[in-house]
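Quick notes on the structure that follows.
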Amino acid sequence: MDTGKMKNMVVLKDLPSNIIDEAIVVLKPNIKVSAGTAPIAGASEYKAGSKDYIINEAQMVISDYLSNMENEKKMKYKDIKNIENKYKILRTALIAFTVLGILNYFLKLI
């Protein structure tokens, strides 16, 4: 395999996740990170451009994605519960109005 055509990649294994077993991170080409910038909180202890810095950044991106996905799942669950509660209230109200309508009809016949 020609190594000149390969992209810069990092493989992350044994991630602390129930969903992801292994992740392959493809790095952007020709990106220079200066030593003064630390886009990740707590990443100042890593040298810019080192493998540890790259792996830490990739793990932070993946964990951020997973947390956002879990938050969306929780929000959908809350929305579904809210809709179910409204459905139950409307169903009982409909049954009550139907019973009242039938009683009203029979009382008018008398």
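The values are calculated or read from the model by the stated rules, or taken from the named source; none is laboratory data. A quick note: this is a predicted structure, and the numbers were derived from the prediction, not measured. All Cβ positions, glycine included, derive from the backbone under ideal geometry; neighbour counts span all protein chains shown.
Summed over the range 25-56, residues that are modelled with pLDDT under 75 and either assigned to a helix (DSSP H, G or I) or under 17 Å from Lys13 (Cα atoms) (or both) total 11.
Given the residues Lys74, Lys86, which is the only one that is surrounded by fewer than 11 Cβ atoms within 10 Å (Cβ to Cβ) and within 15 Å of the chain's Cα centre (by Cα)?
Working: Lys86 fails: within 15 Å of the chain's Cα centre (by Cα).
That would be Lys74, the only listed residue that is surrounded by fewer than 11 Cβ atoms within 10 Å (Cβ to Cβ) and within 15 Å of the chain's Cα centre (by Cα).
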